[in-house]
Amino acid sequence: MKQLFTLVSLAALMPWATAAHWTQFRGPSSNGTMPGTELPSTLSKENGIAWQIDLPGRGLSSPIVLNDRVYVSCSSGPKQEKLHVICFQASDGRKVWERTFRATGRTMCHEKTSVAAPTPTSDGERIFALFSSNDLVCLDLQGNLQWFRGLTQDYPNASNSLGMSSSLVVTEGVLGAQIENDSESFSAGFDVKDGRNLWKLDRPKMANWCSPTVLTTSGGKTLFGLQSGKGVTAVEPRTGRIVWDYKDGASPVSSSAVSGSVLYAPSQGLTALEFSDSGEPKQLWRAGQLRPGTPSPVVVGDKILVMNDGGVLTCGELATGKRLWQLRLKGPFSATPVAAGNRLLAVNEKGLAQLVDVSKPEGEVLSELDLAQTVLGTPSLTADGVYIRSDARLWKLRR
Amino acid sequence: MLRQLESNRLQSLGACLAVSLSLLMASPCFAQGTLTEAIQQIQAVSREAQGHELAQKALKVLASQSGDAVPEILASMDKANPLARNWLRSSVESILQREQSENKPLPVVPLGTFLLDVRHSPEARAFVFDILSQSESAQVKSLLPGMLNDPSMDLRRAAIQGVLDQAVAKAGSQKDAAALLYQQALTCARDVDQIEAIVTGLKTLGHKTDLPRLFGWISKWKVVGPFDNTKREGFDRVFPPEKEVNLSAEYDGKTGKVRWTDLASADDYGKVDVNLPLGKLKETIAYCYTEIRVDRAQPAELRLGCKNAWKIWFNGQLVFGRDEYHRGAEIDQYKMPVELKAGKNTVLVKLGQNEQKEDWTIEWEFQLRVTDAQGTPITPLRAGVPAPLTASH
């Protein structure tokens, strides 16, 4: 009943959260899946690719999908100082519009990542894109600029010389961002209408590459979950007021997954935290054997899957954290897999997409597709297909 | 069309400016006062979303303009801050997209005229180059040979790439011609990756390059330390050299008395390695001091690369500081505008080392040069502290 209420509340808060839309990093529930979608039964270069198109710049942000449009961020130029937000038609990959901006913050980052690392998000009316340079862009769905913030102009020491990658979340008219680093470290809530700060919260002075989540309690209240190396802090989206603070530490790289009113945090392995309208979250279980690497945990029905960077996929029981099986995929991995039904799609850094049947007793690789390009970004999934991007290309795989 | 402009740039420039002006004045598509006011409201956006409310309304005014308004909007980027420039360029993209959907032609001549006028904002001109490249790629590229010394680093880079390509093509059979092309590129290049490609090309042909001179590294320093940086608390602590630089003084350091000593870098990339005089220490602070002398007052940039925590004072004023350790360094990582005085100017660098023990956290070093806004080293410039060893900071 609680789960049903949560789903109803989620639909009320995010009317665009249907199987046609994938509007943030790891999907509407930040867990790598979405009800009502399916993955293909096999991967094939001949019949499986609906379309592919070259991109004008680098990036490991995920595409986001809203209705019949796909939105992608890129960065180009010798220092990746040119920032792109591009809208494609989902049916055929035709470019609908492109907007370019000039970075106002530092673009230096490790060669493995890029300035277009954070995944954009949408509230159904607007597209929000953040870059490692801390440039924050808001466009309407037709590509008209609504506002532009240069957060390094505002807060000059808010940067990481290895690059920033935390993605955006949005709820209740507030855009949430974690601009966390060794120096001027903060999280903030921005008014979606004009980009002004609704709140700004000092955060631990430590590098942080993981992404925030939107938590919806069984009573229908929403919170931002801010993860860092210290743990997870839940704040009210409109005010930034801290509602609870879990302090047992967490990964600064892989991000928490959410399912119903439970947060699965990469903490001490994996820790399931049930949150409610008030008070501290209740720890349901902790599983030291479920230890995610760079990829974040994925929820698939009654299972939760984690993967280390080398490609060992570990399946656990969602209700208890009990380890069920392990399967070695061909790694290495940076991207988080996506899942639907009984299938999981994982794309390794070399661009090898691997389709796994997670309902088999030990898991089973069903099919592979070599995209032959470096892929570090997490795929996106709708009822219509799967979107995968590299530094140079965007593919749509048929469902 | 743009080939004609190239053949007689000045004449075309004047003619096209006149055409643009007359179009601008005659256009029925916008009210001049409204457009100017809207531009000013966007130019007023500043930190922490100041001015957004008015700018959002103004953006709608701009986006509704015809293509005739584009040169004026582009020109307004000349006096806009980096935030406002992004608002303005986005309005141009909205206008041009709408006009394209209405099958209206790209205003090639006004845009080309704008591109060729080096008085305009380098960013705006590079933006126009990109716009024109989408439909007039060959013609626009034909303008590049004239842009080897362009104020826009983007345009200059593209022009240099053309020369580099020629040099590479000739390197096998026409070595002298290739060397001259490399030299031509080297006098204009400011991007480090291009400079390195040129230097490598010249080396292959048997020519050496004086890299420290080329980059203009500040290589002669005085250093004192170590001071205490346990728990990284020394970054905010004020040690005596921050109050006064007295090169003959003796201070209480982390483990005993410390005095200023000479530190000169012979590194091709100007790295000033504090580990050399002080040892491979941890949780420590060092100060490096030098003086630079120039013959006239001028604006300049301190360009620093550093993977340790640092603060920098120029002529006694704190310019910037950053308490990040071992996340990476690169040439010109931080660019800080300063005003050089004629004669002596002082530079004091505070350099923090933290507690990390990994191999990649041993470095305790920085690289610094003084350039103009384009990255050209300021010359003539003399760096170092002349004897006797006394100075007031």
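List the trypsin sites (Lys or Arg not before Pro) within the range B:165-231 that fall in a DSSP loop (any state other than H, G, I, E or B) and whose Cβ has at most 10 other Cβ atoms within 10 Å.
Numbers: sites: B:LYS170, B:LYS175, B:ARG190, B:LYS203, B:LYS208, B:ARG213, B:LYS220, B:LYS222, B:LYS231; in loops: B:ARG190, B:LYS208.
Those satisfying the criteria are B:LYS208.
Sequence gap at least 6, Cα distance under 8 Å: using those rules, report the relative contact order of chain B to the nearest whole percent.
13 percent
Cα to Cα, under 15 Å, and not fewer than 8 places away if on the same chain: which aspartates and glutamates meet these conditions relative to A:LYS322?
Straight-line reach from A:LYS322, under 15 Å: A:ASP302, A:GLU362.
Across peptide B:55-62, what mean number of C-beta atoms from other chains lies inside 10 Å of a residue's C-beta? It would help to have the intermediate numbers written out before the result.
Details: counts 4, 7, 0, 0, 5, 1, 0, 1.
Across B:55-62, the average partner-chain Cβ count within 10 Å equals 2.
Sort B:LYS60, A:LYS230, A:LYS193 by Cβ crowding within 10 Å, fewest neighbours at the top.
Numbers: B:LYS60 12, A:LYS230 18, A:LYS193 15.
The most exposed by this proxy come first: B:LYS60, A:LYS193, A:LYS230.
What full-extension length gain, to one decimal in nm, is calculated for B:LEU318 and B:GLU102 as 0.36 nm per residue of separation minus the Cα-Cα distance? Please report the intermediate quantities before stating the final value.
Values: separation 216, 0.36 × 216 = 77.76 nm, distance 5.41 nm.
Once the chain is fully extended between B:LEU318 and B:GLU102, it gains 72.3 nm.
Might you report the magnitude of the Cβ-based charge dipole of the range A:2-398 about its Cα centre, with Lys and Arg at +1 and Asp and Glu at -1, to the nearest 20 debye? Each step should come with its number before you reach the end.
On the way: 40 positive and 37 negative charges, 61 e Å.
It works out to roughly 300 debye.
Which of B:ALA158, B:LEU202, B:CYS188 sits closest to the plus end of the dipole of the range B:154-209, meaning its Cα is farthest towards the positive end, when Lys and Arg get +1 and Asp and Glu get -1 on the C-beta?
B:LEU202
So for B:HIS326, A:HIS110, fewest C-beta neighbours within 10 Å to most, what's the order?
Details: B:HIS326 19, A:HIS110 12.
Ascending Cβ contact count within 10 Å gives the list A:HIS110, B:HIS326.
How large is the convex hull of the C-alpha atoms of the range A:111-191 per residue, in Å³?
So the per-residue Cα hull volume is 86 Å³.
Give me the base-10 log of I(q)/I(0) for chain B at each q in 0.07 Å⁻¹, Debye formula, one uniform scatterer per Cα, rounded to two decimals.
-0.46
Evaluate E = 1/(1 + (r/R0)^6) for B:THR255 and B:LYS344, where r is the Cβ-Cβ distance and R0 equals 25 Å; express this FRET efficiency to the nearest 0.05. Walk me through the numbers on the way to the answer.
Numbers: r = 33 Å, r/R0 = 1.32.
Between B:THR255 and B:LYS344 the formula returns 0.15.
Cross-link candidates for A:LYS205: which lysines have Cα within less than 19 Å, leaving aside residues fewer than 8 places away along the same chain?
A:LYS230, A:LYS247, B:LYS231, B:LYS307, B:LYS311
What is the mean number of Cβ atoms from other protein chains located within 10 Å of the Cβ atom of each residue in peptide B:321-329, rounded to a whole number?
Values: counts 3, 7, 5, 11, 3, 3, 12, 8, 2.
Neighbouring Cβ atoms belonging to other protein chains average 6 per residue here.
Suppose we look only past 42 Å in the calculated P(r) of chain A. What percent of the Cα-Cα pairs does that tail hold?
On the way: 2985 of 79401 pairs.
When all Cα pairs of chain A are counted, 4 percent exceed 42 Å.
Which helices, counted as full DSSP H runs in chain B, have an axial Cα extent of no less than 15 Å and a Kyte-Doolittle average of 0.5 or above? Display every interim value, and only then the final one.
Details: long enough: B:9-26 (25 Å, 1.44); B:32-43 (16 Å, -0.39); B:52-63 (16 Å, 0.25); B:82-101 (29 Å, -0.74); B:122-135 (21 Å, 0.25); B:153-170 (25 Å, 0.13); B:175-188 (20 Å, 0.34); B:192-204 (18 Å, 0.52).
Span-like helices, by this rule, are B:9-26, B:192-204.
Roughly how crowded by other chains is peptide B:99-111, in terms of the mean Cβ count from those chains within 10 Å of each of its Cβ atoms? Don't skip to the end; give the middle numbers.
Numbers: counts 0, 0, 1, 0, 0, 0, 0, 0, 0, 0, 0, 0, 0.
Average per residue, whole number: 0.
In nm, give the distance between the simple-model label positions of B:ALA44 and B:ASP193, each being 7 Å from the Cα along the Cα-to-Cβ direction.
About 4.1 nm separates the two model spin labels.
If you take the charge dipole of the range A:126-275 about its Cα centre, with +1 on Lys and Arg Cβ and -1 on Asp and Glu Cβ, which of A:PRO212, A:VAL174, A:THR152 is farthest toward its positive end?
After comparing all options, I get A:VAL174.
Amide H of A:ILE179: which non-local residues (sequence gap of 5 or more, or other chain) have their own amide H closer than 5 Å, using H built in the peptide plane?
Sorted by chain and number, the residues that satisfy this are A:PHE186, A:SER187, A:ALA188.
Run the quick spin-label model on B:TRP360 and B:LYS60: label points 7 Å from Cα toward the beta carbon, then report their separation in nm to one decimal.
5.0 nm
Run down the lysines and flag those whose C-alpha is under 18 Å from the C-alpha of A:LYS350, throwing out any fewer than 8 positions away in its chain.
The qualifying lysines are A:LYS45, A:LYS112, A:LYS330, A:LYS396.
Mind jotting down the three principal axis lengths of the range B:321-393 based on Cα atoms? Whole angstrom, largest first.
Computed over the range B:321-393, the largest-to-smallest principal extents equal 43, 34, 17 Å.
Kirkwood hydrodynamic radius (Cα pairs, Å) of the range B:154-209? Show your work: numbers first, answer last.
On the way: mean 1/r = 0.0928 Å⁻¹.
Here the Kirkwood hydrodynamic radius works out to 10.8 Å.
Based only on other Cβ atoms within 10 Å, what is the fewest-to-most ordering of A:TYR246, B:TYR269? It would help to have the intermediate numbers written out before the result.
On the way: A:TYR246 22, B:TYR269 15.
Ascending Cβ contact count within 10 Å gives the list B:TYR269, A:TYR246.
Under the √(5λ) rule applied to the eigenvalues of the Cα gyration tensor, what semi-axes describe the equivalent ellipsoid of the protein assembly as shown? Give them in Å, descending.
With the √(5λ) rule applied to the protein assembly as shown, the semi-axes are 44, 37, 26 Å.
Summing Lys, Arg as +1 and Asp, Glu as -1, what charge do residues with Cβ under 14 Å from the Cβ of B:ASP165 carry, B:ASP165 excluded?
Numbers: positive: B:LYS141, B:ARG157, B:LYS170; negative: none.
Net local charge, B:ASP165 excluded: +3.
Longest exposed-loop-site-free stretch of chain B, with GluC sites (Glu not before Pro), DSSP loop and at most 10 other Cβ within 10 Å? Present the calculation step by step, with values, prior to reporting the outcome.
On the way: sites that count: B:GLU102, B:GLU358.
My reading of the result: B:103-357 is the longest stretch.
Please find the FRET efficiency linking B:ASN149 to A:ALA319, where r is the Cβ-Cβ separation and R0 is fixed at 60 Å, and quote it to the nearest 0.05.
Details: r = 68 Å, r/R0 = 1.14.
After rounding, the FRET efficiency stands at 0.30.
In deg cm²/dmol and to the nearest 500, what is the mean residue ellipticity at 222 nm of chain A if only DSSP H runs of at least 4 residues count, each as -39500 (n - 2.57), divided by the residue total? Intermediate values should be presented prior to the final figure.
Values: 2 runs with 16 residues, N = 399.
That calculation yields -1000 deg cm²/dmol at 222 nm.
Sort A:123-132, B:139-148 for me by packing, meaning the mean count of neighbouring Cβ atoms within 10 Å per residue, highest on top.
On the way: A:123-132: 23.5, B:139-148: 18.0.
In decreasing order of mean packing, A:123-132, B:139-148 become A:123-132, B:139-148.
Between A:LYS247 and A:THR42, what length in nm is gained on full extension when 0.36 nm per residue of separation is reduced by their alpha carbon distance? It would help to have the intermediate numbers written out before the result.
Working: separation 205, 0.36 × 205 = 73.80 nm, distance 4.27 nm.
That pair, A:LYS247 and A:THR42, stretches by 69.5 nm at full extension.
Per-residue counts of other Cβ atoms within 10 Å, averaged by peptide: what ranking do you get for A:265-278, A:336-349, highest first? Could the numbers behind the result be given before it?
Values: A:265-278: 20.9, A:336-349: 24.4.
Averaged packing, sorted descending, gives the order A:336-349, A:265-278.
Dipole size in debye (nearest 20) for the protein assembly as shown around its Cα centre, Lys and Arg Cβ +1, Asp and Glu Cβ -1? Walk me through the intermediate numbers first.
On the way: 88 positive and 85 negative charges, 121 e Å.
Magnitude of the dipole: close to 580 debye.
No value in this document is a laboratory result; all are computed from the given coordinates. Predicted, not measured: the structure shown is a model, and the values here were computed from it. Cβ: placed from backbone, ideal geometry, glycine included. Neighbour counts: every protein chain shown.
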